[in-house]
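The values are calculated or read from the model by the stated rules, or taken from the named source; none is laboratory data. If you're wondering where the values come from, they're calculated on a predicted model, not measured in any experiment. Glycine also receives a Cβ, built like all others from the backbone with ideal geometry; neighbour counts cover every protein chain displayed.
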Amino acid sequence: MVKWLSGTLFGRLGRRGWAIQRIGRALRLFLPMTSDAIRGRYRPVPWAAFGWMGLALAYLISPLDLIPDFLFIIGLVDDVVIVGWLLTRVDRHLAAYRVWKDLSPEA
């Protein structure tokens, strides 16, 4: 059962490589963007990106989950899916920052 579930999960993740790429990109760019915004080098401040990141962090540290974490694999998968979805929203709001930094869309 666990082998089938992990095989199915990894297979689906492999087909959704674009989402994983966007999540990684959001995580790589958020802190430099925050630093640039605080120092006044980057305007306008993407408040929506801060909001989505705040929601992602709040969901991660909150004891409330859609599926409780004591249901080990399924409980953790819902955290990954929801936080991943929120981070793709962060990435969407960092597009202007990528242009400002003269980064390629894949960076």
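Results, tabulated for the structure shown:
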read-out: Some residue of the stretch 70-78 being of a type in the set (Gly, Ala, Ser) and in contact with a Pro (Cβ under 7 Å, 6 or more places away or on another chain); value: yes
read-out: Some residue of the stretch 89-97 being over 19 Å from residue 44 (Cα atoms), outside any loop (DSSP other than H, G, I, E, B) and either of a type in the set (Val, Ile, Thr) or without any contact (Cβ under 8 Å) to a residue 40 or more places away in the chain (or both); value: no
read-out: Unmet criterion (only one of (1) modelled with pLDDT of 95 or more; (2) out of contact with any His (no Cβ under 8 Å at 6 or more places or on another chain)) for residue 48; value: (2)
read-out: Scope the stretch 23-67; condition in a loop (DSSP other than H, G, I, E, B) and either loosely packed, with under 12 Cβ neighbours inside 10 Å or touching a strand residue (DSSP E or B) at 6+ places or on another chain (Cβ under 8 Å) (or both); matching residues; value: 39, 40, 41, 43, 44, 62, 63, 64, 66
read-out: Identity of the residue in the stretch 68-79, assigned to a helix (DSSP H, G or I) and in contact with a helix residue (DSSP H, G or I) (Cβ under 9 Å, 6 or more places away or on another chain), that ends up nearest to residue 23 (Cα to Cα); value: 79
